[in-house]
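Structure first, then comments.
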Amino acid sequence: MTKLVFDPVARLTVSAEIRQRLADAIQTGQLAPGTPLAPERVLCQEFGVARTSVREAIQGLIIAGYVERRGNRCVVAEQLPQVNFTGDDRKALVAQLFEVRQVIEPAIVELAARRATDEERATITDIAARTTDKLEEFRETDRQFHSALARACGNPLLNEVHAKALSKLFGSGEFASLLYAEVNRVEVIDIIRTSTEAHRAIADALVKGHTRKAVAAVIAHLDDVERRMVERLL
């Protein structure tokens, strides 16, 4: 049997650590899009390093798409690079998607149960009543249902945040590849069935103004779909 040999652990270089700190500041919004980076001499003083290390760090950020040159200055890019998931990382994307939804959607449903107009409640009920076993049709119905809930929460800003999150995440090709894989077809059909039932339970509680029941139903729905996608889809 061949002995397994591990490569030595490499320590971060000074330039790599500077690059990571700047990237973290950009990702967290401390350095907003369009913000000029401090001059090299200032960064050298702040980090306590030589100018060569700062230059290498900035060049790495430019290559990665976090920073761009404008004339003689370097500024934070207006659009940050996309995060791409491949292979087994598709499951990481699914987990992140549902983590976002589990933070936002219970609050949305709680507000909608108290604030939705009669017309909005009727729309939610109508969408929840739709039945299909075709994935493409269900995905559109699913989007419309959760979007209708968000609109009914009475908070335009929360609705906008929810819409952007769903558009960004549901538009992922990696996410779709799990749903459309032939090997997952039977499980996906069952996800459609149970999700349709969950939509009706959420709508029923919301229409009746049962806030706690509506919130519990949406939490159970999201937990169920996440578990199925992460544990059962290939």
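One table, with the values for the structure above:
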read-out	value
From SER177, SER167, residue being in a helix (DSSP H, G or I), surrounded by fewer than 19 Cβ atoms within 10 Å (Cβ to Cβ) and either at positive phi or free of Cβ contacts under 8 Å to residues at least 40 places away in the same chain (or both)	SER167
Tally, over the range 99-122, of residues that are polar (S, T, N, Q) and within 26 Å of the chain's Cα centre (by Cα)	1
Condition check for ALA150: at pLDDT below 95 and part of a helix (DSSP H, G or I)	yes
The range 204-227 residues that are closer than 10 Å to ARG101 by Cβ and assigned to a helix (DSSP H, G or I), paired with ones that are at pLDDT 95 or above and among the polar types (S, T, N, Q) (beta carbon under 7 Å, 6 or more apart)	HIS221/SER195; VAL225/SER195
Total residues in the range 180-203, condition touching a residue at least 24 places away in the same chain (Cβ under 8 Å) and among the charged types (D, E, K, R)	4
Scope the range 180-197; condition among the polar types (S, T, N, Q) and either at pLDDT 95 or above or not in a helix (DSSP H, G or I) (or both); matching residues	THR194, SER195, THR196
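The values are calculated or read from the model by the stated rules, or taken from the named source; none is laboratory data. Computed from a predicted model, the values in this text were never measured in an experiment. Every residue, glycine among them, receives a Cβ derived from its backbone with ideal geometry; neighbour counts consider all protein chains shown.
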